[in-house]
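Structure, as structure tokens:
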Amino acid sequence: MVKSVPIILTLFVLAFSAPSPRPAHAQVEKVTAGEVRDRETLRGFVLWAESVFGRIEDMDEGTRVLEEVRTEGSDYNVGNVYVILFTTEGRVFIHGEDPDMDRKRAGNVKDDRGTLVVQEMLATGAEEGGGFVEWCWDDPADPEDVLCKDSYAIRYYSPVSDRDFVIVGGYYQDLSNDR
């Protein structure tokens with residue numbers, strides 16, 4: 001009996017320390033939309049937003065966060081920096097700046113170079129740890145705007161809807177040209 005205790009204890013530890021099929025959403029450093037200045041802060045912003053979204057456990061909390069995503073000046077939306085959530089099939093689930101884009105397909109959106117930019121965002125987001133996607137189009141509201149910009153995309157799992165999404169953070173992103 002005494003010899004079986006270490007075996008049982010070892011099995012118990014292994015069972016509860018085995019990697020989950022879904023990643024845990026660890027607390028990460030908070031980087032808000034208003035703090036985005038470069039690629040590294042953009043990455044930090046998206047990783048922070050992903051950690052918050054991934055911890056949403058009920059519809060009330062999800063609704064509250066959605067309101068923040070849509071509110072100019074919130075942690076998720078400042079000027080031309082905001083988040084967009086895509087289904088893994090390329091449909092806009094939540095567009096932080098343009099609610100008219102919600103539920104619209106965007107998989108065929110091309111940037112000014114002809115790149116299928118949403119397809120690149122989805123593919124890059126699906127990679128382990130996500131990554132940057134460069135795309136090019138002009139923000140007509142910003143005369144100082146540079147043509148090519150970065151987004152950061154990462155896949156995340158929503159426990160409320162029991163499905164995966166791709167969260168993208170970046171600068172002005174006009175998805176209305178889906179053909």
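The values are calculated or read from the model by the stated rules, or taken from the named source; none is laboratory data. It should be emphasised that the depicted structure is a prediction, and the values quoted were computed from it without experimental measurement. In this analysis, Cβ positions are derived from the backbone assuming ideal geometry, glycine residues included, and neighbour counts consider all displayed protein chains. Each accessible area value is taken on the protein alone, full model and side chains, heavy atoms only, with ligands, DNA and RNA left out. Shrake-Rupley method; radii C 1.70, N 1.55, O 1.52, S 1.80 Å.
Round to the nearest 0.05 the FRET efficiency obtained for LYS110 and GLU57 when R0 = 30 Å and r is the Cβ-Cβ distance.
0.20
Tally Lys and Arg at +1 and Asp and Glu at -1 over the other residues with C-beta under 12 Å from the C-beta of LEU66: what net charge comes out?
Values: positive: ARG64, ARG70; negative: ASP60, GLU61, GLU67, GLU68, ASP102.
For residues surrounding LEU66, the net value is -3.
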message = Considering only protein heavy atoms and a probe of 1.4 Å, how much of the accessible area of segment 91-164 is carbon and sulfur, as a whole percent?
response = 45
key: Loop sites in segment 92-179: GluC sites (Glu not before Pro), DSSP, at most 15 other Cβ within 10 Å   = GLU127, GLU128, GLU144
ask   = Per residue, how much accessible area does segment 112-172 have with a 1.4 Å probe, in Å²?
value = 46
query = What percentages, rounded to whole numbers, describe P(r) for segment 78-152 computed over all alpha carbon pairs with 10 Å bin width beginning at zero?
reply = 18, 52, 29, 1
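With every protein chain kept in the model, how would you rank THR63, THR124 by accessible area, 1.4 Å probe, largest at the top? Could you put the intermediate results ahead of the total?
On the way: THR63 70, THR124 20 Å².
Highest to lowest solvent-accessible surface, that is THR63, THR124.
Compute the length gained on full extension between THR41 and SER161: take 0.36 nm times their separation in residues and subtract their Cα-Cα distance, giving the result in nm to one decimal.
Values: separation 120, 0.36 × 120 = 43.20 nm, distance 2.85 nm.
Net length gain for the segment: 40.3 nm.
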task = With label points built 7 Å along Cα→Cβ from the Cα atoms of THR88 and ASP145, find their separation and express it in nm.
result = 3.2
ask   = In square angstrom, what is the accessible area per residue of segment 26-105 with a 1.4 angstrom probe?
value = 53
task = Ratio to report: Rg/Rh of segment 30-71, with Cα atoms as the point set and Rh obtained by the Kirkwood method; give two decimals.
result = 1.03
